[in-house]
1. Pick out the one residue from SER91, SER151, SER85 that is under 24 Å from LEU193 (Cβ atoms) and among the small types (Gly, Ala, Ser).
2. Inspect the range 60-77 for any residue being out of contact with any strand residue (DSSP E or B) (no Cβ under 6 Å at 6 or more places or on another chain), of a type in the set (A, V, I, L, M, F, W, C) and modelled with pLDDT of 90 or more and give the result as yes or no.
3. Determine which member of the set ILE81, ILE125, ILE104 is surrounded by fewer than 16 Cβ atoms within 10 Å (Cβ to Cβ), in contact with a Gly (Cβ under 7 Å, 6 or more places away or on another chain) and assigned to a strand (DSSP E or B).
4. Here's a check for you: in the range 192-212, which residue that is not hydrophobic (A, V, I, L, M, F, W, C) and not in a strand (DSSP E or B) is surrounded by the fewest Cβ atoms within 10 Å (Cβ to Cβ)?
5. Does the range 39-78 hold any residues that are aliphatic (A, V, I, L, M), in a strand (DSSP E or B) and in contact (Cβ under 8 Å) with a residue 24 or more places away in the chain, and which are they?
6. Which is of a type outside the set (Gly, Ala, Ser), modelled with pLDDT under 90 and under 30 Å from LYS161 (Cβ atoms), of THR82, THR110?
7. When you check SER189 against the structure, is it free of Cβ contacts under 8 Å to residues at least 40 places away in the same chain, in a helix (DSSP H, G or I) and open to solvent by 50 Å² or more (accessible area, probe 1.4 Å), yes or no?
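The values are calculated or read from the model by the stated rules, or taken from the named source; none is laboratory data. Quick caveat, the model's predicted, so the values are computed rather than measured. In this analysis, Cβ positions are derived from the backbone assuming ideal geometry, glycine residues included, and neighbour counts consider all displayed protein chains. The protein model used for the area step is the full one, side chains on, heavy atoms only, and it has no ligands, DNA or RNA in it. Shrake-Rupley method; radii C 1.70, N 1.55, O 1.52, S 1.80 Å.
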Amino acid sequence: MIASPRFRMTVAALTLALGAGAASAAGLTLNVANKQANSVQTFSTFAQSQFRQVGVTFTALGNATAVANVKGAYNLPITTITIGSNLKVASGAAVGSALQLDRIGEDEETGEEVAVTLTLANFKIDYTRNLVLADATPKGGTTIPQMPLYSFTVNEALKLKYVFPLTITGHEELSKLFLTPEAKSLFISALKLPSFVIPLLDTTDFGTIVNDISTKSRSPAVPTAPYVAN
């Protein structure tokens with residue numbers, strides 16, 4: 001199918017305004033590391049209470065930062081977005097951002113207390129499958145690259161608004177973040193969660209993700225190297 005002149009013009013505007021991209025069969029990938037593009041995940045009040053109950057704490061690492069004055073909220077700067085057909089966003093990535101989950105668990109063999117950690121990094125939102133992906137690394141274990149972390153519901157779809165000559169903004173809200181079966185299994189094993197909390201992992205809504213994209217410059221640009229857990 002031949003792209004319309006309007007589509008070609010708008011894609012050209014996106015490329016100029018947001019940065020050089022790489023065209024491919026999958027679409028156009030744009031580097032937004034030097035733009036005001038942010039993804040904020042806010043854990044639900046219920047999820048936060050469950051984390052506190054089992055002693056799970058969070059630490060923002062890499063590009064990620066805790067949002068001031070908002071409990072359980074973390075800003076993950078968006079580094080790239082991929083535009084598919086008809087200017088729909090196919091995916092967005094926050095490479096270089098990480099959240100580290102820590103807990104004092106119980107060793108299954110000795111019964112002694114042991115410090116456990118699960119690091120989630122290099123987040124990606126896949127709109128074709130409605131999944132949030134992340135590199136997942138348990139303490140002392142092997143990284144699972146781009147493991148499906150949450151499923152989600154789109155409350156407000158990301159629409160890029162183009163105003164002549166080169167002003168582009170976008171806003172999106174995702175909700176009903178539920179752990180995937182893969183993530184549930186990893187949370188249980190990596191964090192050595194007690195048995196009473198396991199059934200709650202299926203029914204806990206982990207919160208919301210709000211994405212905002214603007215052509216305003218970010219200085220300095222955020223690093224784009226993937227975060228590697230220690």
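1. Numbers: SER91 fails: under 24 Å from LEU193 (Cβ atoms); SER85 fails: under 24 Å from LEU193 (Cβ atoms).
The match here is SER151.
2. The initial filter retains those residues of the range 60-77 that are out of contact with any strand residue (DSSP E or B) (no Cβ under 6 Å at 6 or more places or on another chain), namely 68-71.
Adding the requirement that they be of a type in the set (A, V, I, L, M, F, W, C) leaves 68, 70.
Then keep just the ones that are modelled with pLDDT of 90 or more; that gives 68, 70.
Yes, because at least one residue in the range 60-77 is out of contact with any strand residue (DSSP E or B) (no Cβ under 6 Å at 6 or more places or on another chain), of a type in the set (A, V, I, L, M, F, W, C) and modelled with pLDDT of 90 or more.
3. Criteria check complete, one pass: ILE104.
4. In the first step, residues of the range 192-212 are kept if they are not hydrophobic (A, V, I, L, M, F, W, C); the result is 192, 194-195, 199, 202-205, 207-208, 211-212.
Still in the running and not in a strand (DSSP E or B): 192, 194-195, 199, 202-205.
Values: LYS192: 17, PRO194: 13, SER195: 7, PRO199: 9, ASP202: 10, THR203: 9, THR204: 20, ASP205: 16.
Selected residue: SER195.
5. VAL40, ALA60, LEU61, ALA73, LEU76, listed by residue number.
6. THR82
7. No, not satisfied.
Residues checked against (1) touching a helix residue (DSSP H, G or I) at 6+ places or on another chain (Cβ under 7 Å); (2) closer than 30 Å to LYS35 by Cβ; (3) not charged (D, E, K, R):
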position: MET147; (1), (2), (3): yes, yes, yes
position: ASN155; (1), (2), (3): no, yes, yes
position: SER175; (1), (2), (3): no, yes, yes
position: GLU182; (1), (2), (3): no, no, no
position: PHE196; (1), (2), (3): no, no, yes
position: GLY207; (1), (2), (3): yes, yes, yes
position: ASP212; (1), (2), (3): no, yes, no
position: VAL222; (1), (2), (3): no, yes, yes
position: ALA229; (1), (2), (3): no, yes, yes
